[in-house]
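The values are calculated or read from the model by the stated rules, or taken from the named source; none is laboratory data. Here the structure is a predicted model, which means the values were calculated and not measured. Reconstructed Cβ throughout: ideal geometry from the backbone, glycine too, with neighbour counts over all protein chains shown. Keep in mind that these areas ignore ligands, DNA and RNA; they rest on the heavy atoms of the full protein, side chains included. Shrake-Rupley method; radii C 1.70, N 1.55, O 1.52, S 1.80 Å.
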Amino acid sequence: MSFYAGLTDLPTLATERLRLRPLREDDAPALLAIFGNPDVMRHWSSLPWTSVDRALTLVQGLREDFAARTLFQWGIALADTDTVIGTTTLLHLDAANRRAEIGYALDQAHWGRGDAREALQLLIDHAFGELRLHRLEADTDPRNTRSCVLLERLGFAREGLLRERWHVAGEVSDSALYGLLAADWRRARG
Ligand SMILES: CC(C)(COP(=O)(O)OP(=O)(O)OC[C@H]1O[C@@H](n2cnc3c(N)ncnc32)[C@H](O)[C@@H]1OP(=O)(O)O)[C@@H](O)C(=O)NCCC(=O)NCCS
């Protein structure tokens with residue numbers, strides 16, 4: 001099984017308000033505003049970005065990731081302005097076992113509006129639909145309440161805790177592991 005046979009870039013997925021689309025070089029300032037914010041990066045696996053070059057490196061790297069079908073990262077853009085307000089990612093893709101991990105981050109100005117939930121619903125429909133995945137996983141710091149609430153509202157089950165798994169800037173943190181099965185998603189969505 002291979003993902004996106006014949007495509008040269010990620011497909012764009014859309015709701016009325018949001019668009020998940022490939023990231024471009026001109027998104028770099030918006031990406032720096034997201035990933036340069038220490039509040040957004042509080043529970044991330046790396047430090048806040050400090051320059052726009054980091055964003056450009058990401059965008060270039062994503063093209064290689066797409067070509068190798070190893071990681072898919074979409075920009076979450078507002079449908080009316082096309083401004084990027086976050087990103088969402090499928091990583092650790094395992095075609096044989098039909099699973100992937102999901103990642104997400106939103107500009108802090110957009111927290112508390114249901115935007116992450118809407119974007120992830122779109123991505124999950126795509127992952128279990130077109131990509132025919134069987135299982136999605138998420139790894140989040142158990143202290144990251146917003147992230148845990150988001151996952152639980154989407155129907156992810158908390159399946160385990162891996163202790164002291166990350167070392168970032170001298171701080172050690174745990175991983176709460178979450179899982180969502182395609183059958184549970186379909187049942188919950190009727
Ligand atoms: C994790 C993150 C994406 C969650 O964002 P969020 O805005 O809290 O998530 P949601 O989209 O589910 O929004 C939920 C909030 O919107 C409100 N809301 C408003 N309209 C809504 C709607 N139509 N549907 C759902 N929620 C809605 C909810 O009541 C809730 O409000 P609350 O914050 O007062 O409880 C965000 O905090 C973030 O980017 N964090 C930094 C990056 C990060 O840690 N990522 C995870 C790493 S594993």
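With +1 on the Cβ of every Lys and Arg and -1 on the Cβ of every Asp and Glu, and nothing else charged, how large is the dipole of segment 1-116 about its Cα centre, in debye rounded to the nearest 20?
Working: 11 positive and 15 negative charges, 65 e Å.
That gives segment 1-116 a dipole magnitude of about 320 debye.
Taken over the Cα atoms of segment 7-66, the convex hull encloses 110 Å³ per residue.
Multiply the residue separation of Asp39 and Asn144 by 0.36 nm, subtract the distance between their alpha-carbon atoms, and state the gained length in nm to one decimal.
Taking Asp39 through Asn144 to full extension adds about 36.7 nm, to one decimal.
Of the solvent-accessible surface of the chain, computed with a 1.4 Å probe and all protein chains present, 49% belongs to carbon and sulfur.
Considering helices alone, the calculated mean residue ellipticity of the chain at 222 nm is -9000 deg cm²/dmol, with DSSP H runs of length four and up weighted by -39500 (n - 2.57) and normalised per residue. Working ranking of peptides 157-164, 85-92, 66-73 by packing, defined as the average number of other Cβ atoms within 10 Å per residue, highest first, is 85-92, 66-73, 157-164.
No solvent, one uniform scatterer per C-alpha: report log10 I(q)/I(0) for the chain via the Debye equation at q = 0.12, 0.17 1/Å, two decimals. These q points yield log10 I(q)/I(0) values of -0.58, -1.25.
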